[in-house]
Amino acid sequence: MNKEHQKALAVSGIVLALTVYLVKRVSDKKNKEYREIPYPAGSTNWPIFGHMLSLGSVPAMQFKKWHEETGPIYKVRMGKQTWVMISDPYLAHEIFVKNGANTSSRPYHRFNCDIYARNRRGVVFTQYTPEWKNNRKMAASLLAPASVDKFSGLIEYEFDCLMDRLKQVANEGVAINPFRELQLTALNIVLTVLVGTRYDHIDNPLVSELNKLIDEGMVYAGAAGDLRSLVPSLAWIGTLLGLDKKMTHFIKQRCDPFYGKLIQGALERDADSLAKSLNKMKEEGLISGDDMHVLITDLIAAGSDTVSVTLYWTLATLAFQPNVQAKIIQELDSWKADHVPGAIPNFHQDREAFPYTICVQKEMIRYRPATSYGIPHVASEDIVAGGYLIPKDAVLISTMGAMHMNESIYENAHTFNPERFKNNTSRMSASANTKVDDRDIFAFGWGRRMCLGIHLAELELFSFYVRFFSEFTVEPELDAQGNPVPINIEGFVDEGVVNKPLPYKVRFVPRS
């Protein structure tokens, strides 16, 4: 090598070193301008696994505990992924709404994105793309109040059927676990609206199979369903156990044929349904057949599980809140006194006459939300929020359980107190889309990924409350000595996406 080449290499080396040094100086200076997102206080960040080994059997409880110990924002390392957990609504609003253009995508999840969603079709697991925006717009139009309200009579009919079934239970004087009855009602509502069909009884084998598909799908959709994305070096374990084959078989051999028959039946029968509206969009080239299939399965699972779990929490909680029940009944009886015998309040016409009942519904969702964190978002670019630098590819999670127990937002947050909403009885759908100061609860998500079914959920909850408390009070099961059997509402069953109360039994006592 001649001297000129040696000199050139030396100069190049100096320039490269100087460049690296300057970039690092600028980066260090830039990072000092931002607040550091802490790891949970006293937590262990294990090699390879990060914080995964510290989550326990119910991760949502550990995440909530870390918020109590660390504050409104912290990060955890889940294998190779960095998760940023947020329990402050103002910070969440800044992240998910103000920075929505860069925080509305979804993290990759093998089951959710590729196997279930047919390479990211539908609206739940799709990336934030122009195609997703188009599908979301169409789904929003289908679930808009004007569209859903066409089915309000059928929705009310399902709750009338539920009351008839509960009357049979009450007449027998037995205590039951009410979940399957609630699940059948919520399932029939989404099936009626989406595919124009329903089932008469919880023991129908088709009901049992559909509920299994929904429950198993929710488990696969959770973080445990995608170990390979969290810890790629352990992907061989999934291969050894045949997890990919099991998930593919679950979708291809069980889910697709079942949902395919539901959709085909909807198109063949005379009853109106949203499946027919989607099929028309498909014929016009606005959506694909895969989009239509995945969107309908999205809505069946989301629409049935969250409402049934919410009502399941409601009965568990109110069984030991007789004063709350008495106030609901007083409000209901006052309305009935001004109307013809047998009249039942209607959501659209009579909602404003039930401010306390609305408060109870809101407090119930705040106190025990059906999900701890919904579906995670991911940062598609570096963003700055609250003085924190959140890096690209960070998984962003609004920890709803911790947010709803945030004492800076809700005074005496661990106390069930419906009166906290007495000055905010607006519709939940309106509140969810307003500025953060005016929001009531945060269980319906944020920004461009806001839950599409808020209006339908409100209609269902109101229809249940005004019918149930016209007929019954709910009371705990009695033991052999006639003493109330306690219901544990502190623990719950983590089913991947939703959190169900631990199993319990209650009695439905007819009002005299």
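The values are calculated or read from the model by the stated rules, or taken from the named source; none is laboratory data. Values in this document were obtained by computation on a predicted structure and should not be read as measured data. Virtual Cβ from ideal backbone geometry, glycine too; neighbours counted across all protein chains shown.
Data table
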read-out: Total residues in the range 288-340, condition in a helix (DSSP H, G or I), polar (S, T, N, Q), surrounded by fewer than 20 Cβ atoms within 10 Å (Cβ to Cβ) and in contact (Cβ under 8 Å) with a residue 60 or more places away in the chain; value: 1
read-out: Residue identified as over 17 Å from residue 450 (Cβ atoms) and assigned to a helix (DSSP H, G or I) among 96, 63; value: 63
read-out: Residue check for residue 189: assigned to a loop (DSSP other than H, G, I, E, B) and either touching a residue at least 60 places away in the same chain (Cβ under 8 Å) or surrounded by 16 or more Cβ atoms within 10 Å (Cβ to Cβ) (or both); value: no
read-out: Odd one out for residue 372 among (1) in contact with a strand residue (DSSP E or B) (Cβ under 8 Å, 6 or more places away or on another chain); (2) buried (at least 19 other Cβ atoms within 10 Å of the Cβ); (3) part of a helix (DSSP H, G or I); value: (3)
read-out: Single residue of 487, 441 found to be crowded, with 17+ Cβ neighbours inside 10 Å, assigned to a loop (DSSP other than H, G, I, E, B) and touching a Lys or Arg at 6+ places or on another chain (Cβ under 6 Å); value: 441
read-out: Scan of the range 256-275 for residues that are buried (at least 17 other Cβ atoms within 10 Å of the Cβ) and assigned to a helix (DSSP H, G or I), ordered by number; value: 259, 262, 263, 266, 274, 275
read-out: Filtered residues of the range 389-422 (kept if at pLDDT 95 or above, assigned to a loop (DSSP other than H, G, I, E, B) and touching a strand residue (DSSP E or B) at 6+ places or on another chain (Cβ under 9 Å)); value: 391, 392, 393, 394
read-out: So residue 357, is it β-branched (Val, Ile, Thr), part of a helix (DSSP H, G or I), more than 24 Å from residue 509 (Cα to Cα) and touching a residue at least 40 places away in the same chain (Cβ under 8 Å); value: no
read-out: Test for residue 118: is it among the charged types (D, E, K, R) and in contact with an Asp or Glu (Cβ under 9 Å, 6 or more places away or on another chain); value: yes
read-out: Top-ranked residue of the range 375-388 - restricted to ones that are on the phi < 0 side of the Ramachandran plot and in a loop (DSSP other than H, G, I, E, B), ranked as surrounded by the most Cβ atoms within 10 Å (Cβ to Cβ); value: 379
read-out: Set 425, 473: member being assigned to a strand (DSSP E or B) and either farther than 30 Å from residue 105 by Cα or at pLDDT below 95 (or both); value: 473
read-out: Residue within the range 97-106 that is at pLDDT below 90, of a type outside the set (Lys, Arg) and farther than 28 Å from residue 500 by Cα present; value: no
read-out: Residues of the range 443-469 that turn out to be within 21 Å of residue 184 (Cα to Cα) and not hydrophobic (A, V, I, L, M, F, W, C), as a count; value: 7
read-out: Cross-chain or 6+ apart pairs with Cβ under 9 Å, the range 52-65 first and surrounded by fewer than 13 Cβ atoms within 10 Å (Cβ to Cβ), then outside any helix (DSSP H, G or I); value: 53/44; 53/46; 57/494
read-out: Test: residue in the range 129-143 that is in contact with a Lys or Arg (Cβ under 6 Å, 6 or more places away or on another chain), under 23 Å from residue 265 (Cα atoms) and touching a residue at least 60 places away in the same chain (Cβ under 8 Å); value: no
read-out: Residue satisfying condition, being under 30 Å from residue 105 (Cβ atoms) and touching a Phe, Trp or Tyr at 6+ places or on another chain (Cβ under 9 Å), within set 371, 357, 399; value: 399
